[in-house]
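Shown next, in structure tokens, is the structure this report addresses.
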Amino acid sequence: MRRKLAAGNWKMNGTTAALAEIKAMTEEVTGDIDVLICPPSPLITGAKSVSGDIAIGGQDCHAKPSGAHTGDISAAMLADVGASHVILGHSERRADHDEQDDDVRAKTIAAWEADLIAVVCVGETLAEREAQNTLDIIGGQLAGSIPDGATGLNLVVAYEPVWAIGTGKVPTTDQIGEVHDFIRAKLERRFGAGVGRSVRLLYGGSVKASNADEIFAVSNVDGALVGGASLTAADFNPIIKALNASL
């Protein structure tokens with residue numbers, strides 16, 4: 001059975017004062033689901049010191065283990081300071097840094113070599129949605145971004161429609177279900193039914209306490225990758241509670 005996962009992506013937000021929010025989030029964590037917070041890399045060590053049963057992850061890593069890459073962070077460095085996961089291929093990385101599927105694939109391999117769980121993001125733009133190309137886009141990103149060797153232990157896939165991230169717009173539950181069912185089928189065909197069914201699928205895109213119950217009831221939604229609503233315990237704890245209630 002796939003364990004549910006509530007993951008928070010803090011993006012470029014937070015200072016050491018914000019670590020108190022992670023500590024407050026631990027109050028809602030039970031042994032029935034997994035919770036992950038991915039703060040900016042300077043906060044990872046501090047986050048680990050207060051996170052209790054909450055896993056801590058990075059927001060990106062370089063494909064190379066070391067070298068002349070000023071400002072970049074290797075997967076091994078993330079693991080060394082206590083990270084267990086890393087987000088890869090987020091739409092903001094794809095857009096702001098022109099990351100392509102091949103780049104995400106190489107970073108995923110690097111993450112696995114460092115024993116990190118890769119949270120690989122896929123998603124379509126509004127123009128692609130309106131052109132009815134959503135499934136073609138998602139299928140291409142899955143094929144190009146995920147290397148061979150995926151398992152339910154080293155991979156999480158997050159569907160984040162680009163047009164819903166930080167906009168307050170949320171796809172209908174039918175739209176979310178269509179994409180998640182499609183991703184599940186794609187993974188099963190490529191990796192076999194056992195592996196395909198073991199990979200957790202998260203939904204991300206304006207998830208908040210007011211819509212979490214509805215989203216978590218959708219087919220093949222195993223949790224959420226949450227942005228702004230993961231920055232405070234007041235906003236994130238109700239989402240954790242909703243995920244627990246969905247079991």
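Within the range 112-122, take every residue that is without any contact (Cβ under 8 Å) to a residue 40 or more places away in the chain and crowded, with 21+ Cβ neighbours inside 10 Å and give me the one that is farthest from Asp101 (Cα to Cα).
Selected residue: Ala118.
I want to confirm something. Restricting to the range 231-247 and keeping residues that are part of a loop (DSSP other than H, G, I, E, B) and not polar (S, T, N, Q), which single residue is farthest from Lys186 (Cα to Cα)?
Of the range 231-247, the ones part of a loop (DSSP other than H, G, I, E, B) are 231-232, 246-247.
Right, trim to not polar (S, T, N, Q) and you get 231, 247.
Values: Leu231: 33, Leu247: 25 Å.
Step by step, filter the range 231-247, then rank; the result is Leu231.
Can you give me the number of residues within the range 154-202 that are surrounded by fewer than 18 Cβ atoms within 10 Å (Cβ to Cβ), in a loop (DSSP other than H, G, I, E, B) and in contact (Cβ under 8 Å) with a residue 40 or more places away in the chain?
So the answer is 2.
When you look at Lys107, is it surrounded by fewer than 23 Cβ atoms within 10 Å (Cβ to Cβ), at pLDDT 95 or above and either out of contact with any Lys or Arg (no Cβ under 8 Å at 6 or more places or on another chain) or assigned to a helix (DSSP H, G or I) (or both), yes or no? So that I can check it myself, show each step before the final result.
Working: surrounded by fewer than 23 Cβ atoms within 10 Å (Cβ to Cβ): no; at pLDDT 95 or above: yes; either out of contact with any Lys or Arg (no Cβ under 8 Å at 6 or more places or on another chain) or assigned to a helix (DSSP H, G or I) (or both): yes.
Criteria not met by Lys107.
For Asp213, are the conditions met, namely being of a type in the set (Asp, Glu) and within 24 Å of Lys107 (Cα to Cα)? Can you show your working first?
On the way: of a type in the set (Asp, Glu): yes; within 24 Å of Lys107 (Cα to Cα): no.
No, not satisfied.
If you check Ala143 against the conditions, is it under 19 Å from the mean Cα position of the chain (by Cα) and at pLDDT 95 or above?
yes
Consider the range 109-156. How many of its residues are farther than 22 Å from Glu178 by Cα and out of contact with any Pro (no Cβ under 6 Å at 6 or more places or on another chain)?
Of the residues in the range 109-156, 16 are farther than 22 Å from Glu178 by Cα and out of contact with any Pro (no Cβ under 6 Å at 6 or more places or on another chain).
Looking at the range 208-230 only, could you name the residues that are among the hydroxyl-bearing types (Ser, Thr, Tyr) and either assigned to a loop (DSSP other than H, G, I, E, B) or surrounded by fewer than 22 Cβ atoms within 10 Å (Cβ to Cβ) (or both)?
Restricting attention to the range 208-230, the residues satisfying the condition of being among the hydroxyl-bearing types (Ser, Thr, Tyr) are 210, 219, 230.
Once the filter is applied, which keeps residues that are among the hydroxyl-bearing types (Ser, Thr, Tyr) and either assigned to a loop (DSSP other than H, G, I, E, B) or surrounded by fewer than 22 Cβ atoms within 10 Å (Cβ to Cβ) (or both), the range 208-230 yields Ser210, Ser219.
Tell me, please, whether a residue that is crowded, with 18+ Cβ neighbours inside 10 Å and part of a loop (DSSP other than H, G, I, E, B) can be found in the range 123-139.
yes
So, in the range 203-241, exactly how many residues are aliphatic (A, V, I, L, M) and touching a Phe, Trp or Tyr at 6+ places or on another chain (Cβ under 7 Å)?
6
Residues in the range 82-97: is at least one in contact with a Lys or Arg (Cβ under 6 Å, 6 or more places away or on another chain), under 28 Å from Pro161 (Cα atoms) and aliphatic (A, V, I, L, M)?
Taking every residue of the range 82-97 in turn, at least one turns out to be in contact with a Lys or Arg (Cβ under 6 Å, 6 or more places away or on another chain), under 28 Å from Pro161 (Cα atoms) and aliphatic (A, V, I, L, M).
Taking the range 90-104 as the search range and keeping residues that are over 21 Å from Val170 (Cβ atoms) and under 14 Å from the mean Cα position of the chain (by Cα), which one is surrounded by the fewest Cβ atoms within 10 Å (Cβ to Cβ)?
Looking at the filtered set, the residue picked out is Arg93.
The values are calculated or read from the model by the stated rules, or taken from the named source; none is laboratory data. Just so it is clear, the model here is predicted, and its values are computed rather than measured. Methodologically, a virtual Cβ is constructed for each residue, glycine included, from the backbone with ideal geometry; neighbour enumeration extends over all protein chains shown.
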